Amino acid sequence: MERSGLSALIKEKARAIGFDKVGIAAARPLRNASYLREWLQDGFQGEMHWMERYLEKRLDVTKLYPSAKSVVVVAHNYYTPVDHSRDTAKGKISRYAWGHDYHKIMRKKLKLLLSELRQIEPTLEGRLFVDSAPVQEKLWARQAGIGWQGKNTNLLTREMGSWIFLGELIVNKELICDEPLTDYCGRCTACIDACPTGALQPYKLDARKCISYLTIEHRDKPIAGELAAKMGNWIFGCDICQEVCPWNSFARETKETGYFPEADNIEPELTRLVQMSDEQFKKRFKKTPVFRAGPKNFLRNVRIALQNHFSKEWE
Ligand code: B12
Ligand code: SF4
Ligand code: SF4
């Protein structure tokens, strides 16, 4: 099939399968990719040592998949019109982890996309990724015209803000590429001003200070007192720099029922969570991204949130 026909078919199928946005970029090294080296040199990755591995592949996608000619990027909206509780006796789980794990949901859809495309064009080959490989997903999403990387470092869209997950189908065919999007942050600094731990500089995040990192990726260790005190009642992830973003006023309800919150994930009572056994944790969070933290780290987070709640009560 010729280039423009195949490009249009890929986009049409991706939308029909349920992705909210789809864009295409040529599989060449990206201009901003080398910022990653600086980020690693600054030690901003903390203990995510897996970020240091396969650096060459992260910087050049053809080293990851030598047949790569184009990167098809998909965005999947996960916004549900529900708010966190204001009660600090309740834990806050970040929006992205309220429902079922996006890795599974998106991989299934991308597999279906590839197989449907291969039925029509058998010479098409591809690899699919959702947060699962050394791929700089936000940079590819920008290059493929999905959105821009905001000052909070998340990928933002004009149509539905930043409550989206990203995934890629990297294929062995040259396709018609989309134009990268320009930056629509302007003079706004709301995310930087709102971050409780000072983890953000414009377009750069020091993960070691980020509540999302501390509650999910900082494992089997205590969290330093001055950072723990700023975590408030976040017990898995953090949404603050997205909640304050004006572009998220364009958020709209997801069509994916799997992302809808499990009833007791929105306002979980800290005093009940803290009593959970390992088995209860596994049973309760098995299908959600919270499972990644593991019972030990999750309960560490819950104890910090409880401490913060009680110290607030005594203020
Ligand atoms: C490591 C990681 C984390 C780390 C570090 C986050 C980070 N900002 O780097 C931690 C654990 C903190 C984290 C947290 C979150 N994550 Co995360 N994470 C990743 C992962 C695996 C890699 C990201 C990465 O490469 N970071 C390294 C740094 C160097 O990358 P970067 O921030 O993009 O840096 C670029 C900019 O700094 C830029 N840059 C630097 N200087 C300058 C200067 C200028 C002027 C410009 C223009 C650019 C620029 O160039 C760098 C080059 O890459 C991706 C999946 C993937 N494979 O890509 C998911 C991913 C980014 N995470 C995701 C999500 C949902 C989150 C959270 C929202 C979850 C939550 N609610 O808690 C938070 C958001 C926190 C935040 N403000 O970023 C989504 C983001 C979707 C989106 N809309 O953007 C991704 C894409 C996963 C997915 N498949 O959907 N995450
Ligand atoms: S996720 Fe929270 S802690 Fe991390 S940069 Fe955003 S506001 Fe700061
Ligand atoms: S809050 Fe403002 S500066 Fe931050 S990402 Fe959103 S628009 Fe950009």
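So the values come out like this:
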item: Rg(Cα)/(2.2 N^0.38 Å) for the chain, N = residue count; result: 1.02
item: Signed unit charges on C-beta, dipole axis of the chain, positive-most listed residue ALA263, THR288, CYS195; result: THR288
item: Lysines with Cα under 16 Å of LYS283, excluding same-chain neighbours fewer than 8 positions away; result: LYS296
item: CD proxy at 222 nm, helix term only [per DSSP H run n ≥ 4: -39500 (n - 2.57); per residue of the chain; nearest 500]; result: -9500 deg cm²/dmol
item: Three-way shape call for the range 83-199 based on the alpha-carbon gyration tensor, with the a/c threshold at 1.5; result: oblate
item: ARG28-HIS49 pseudo-label distance in nm [points 7 Å out on the Cα-to-Cβ vector]; result: 3.7 nm
item: Long-range Cα-Cα pairs in the range 217-296 (distance over 15 Å), rounded percent; result: 71 percent
item: Residues in the range 90-107 that a label on GLN275 would reach, taking backbone N under 17 Å of a point 7 Å out along Cα→Cβ; result: 90-91
item: For the chain, Cys with no neighbouring Cys Cβ under 4.7 Å; result: CYS177, CYS185, CYS188, CYS195, CYS210, CYS238, CYS245
item: The range 8-26 versus the range 148-196: alpha-carbon centroid distance in Å; result: 17 Å
item: Gain in span if fully extended, PHE250 to TYR35, counting 0.36 nm per residue against the direct Cα distance; result: 74.5 nm
item: Rounded to 10°, Cα long-axis angle of helix 102-120 versus longest principal axis of the chain; result: 10 degrees
item: THR62-ARG86 FRET efficiency (beta carbon distance; Förster radius 45 Å; 0.05 resolution); result: 0.35
item: Residues with amide H under 5 Å from that of HIS100, placed H, sequence gap 5 or more; result: TYR259, PHE260
item: Per-pair calculated FRET efficiency, R0 = 30 Å: LYS111 and ASP193 via Cβ, rounded to 0.05; result: 0.10
item: Other-chain or far-sequence residues with amide H under 5 Å of ALA27's (modelled H); result: SER70, VAL71
item: Pairwise FRET efficiency - THR257 versus ASP220, Cβ, R0 = 35 Å, nearest 0.05; result: 0.50
item: Shape of the range 1-73, Cα gyration tensor, a/c cut at 1.5; result: prolate
item: Residues of the range 270-301 with amide N under 12 Å of the 7 Å Cα→Cβ point at ALA229; result: none
item: Euclidean distance between Cα centres, the range 262-315 to the range 47-77, Å; result: 33 Å
item: Gaussian network model of the chain, Cα within-10 Å springs - most flexible of LYS209, LYS108, LYS151; result: LYS108
item: Percentage relative contact order, the chain, counting C-alpha pairs under 8 Å, at least six apart; result: 26 percent
item: The range 1-135 shape via C-alpha gyration tensor axes, a/c threshold 1.5; result: oblate
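None of the figures in this text is laboratory data; all of them are computed from the coordinates on show. The shown structure was predicted, so the numbers you read here are calculated from the model rather than taken from an experiment. No Cβ is skipped: glycine too gets one built from the backbone with ideal geometry, and neighbour counts run over all protein chains shown.
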